[in-house]
Amino acid sequence: MDENGSIDISVVDLTYAAFLLPPLIALINQKSWRKEYKGLVFFAVCIVYSTFVVILRGEVNWHDWRNVVIQVFAATTAAYSWFWGPTRLGSRIEDATSVTHPPPPTEGALFDPGPGTEIIDPNRPARDGTTRAVQ
């Protein structure tokens, strides 16, 4: 706290916000979400972190909390714009942690044998010209 009784957010708190919140936000966000939802998650994480800092540093009041939210939001946005965005680390984390649904099975296929696997068709002759015996 400073001499006026308001909370002075430290550089360490802002550094934590700048370099720890963007990867945390990328872990929460899903690749398929719209930008608006991702922005809401970004803002919500900043609010939760700011509330934690205000509670940890001293007495909670509206003025202090509002100032900390603004500073944390600015620090996190700047770090994302200048570091996390250009390096695409946030996008890579988001891609790796997004929940995806498996594609629907192909009509009539029970399994996908993968590339390079020959599927034996008893109605077609083998590559060497011989016929296959089906039991």
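Coordinate-derived values only; no laboratory data. Bear in mind that the values here come from a model prediction, so they are computed numbers and not experimental data. Quick reminder, even Gly has a Cβ in these numbers, built from the backbone with ideal geometry, and neighbours come from all protein chains shown.
Here are a few things to note about the model shown:
- Label-point separation in nm, V48 to W62, each point 7 Å along Cα→Cβ: 2.5
- Cα gyration tensor of segment 1-86 - equivalent ellipsoid semi-axes, whole Å, descending: 26, 13, 9
- Here the dipole of segment 12-97 is about 320 debye; that uses its Cα centre as origin and unit charges on the Cβ of Lys and Arg (positive) and Asp and Glu (negative).
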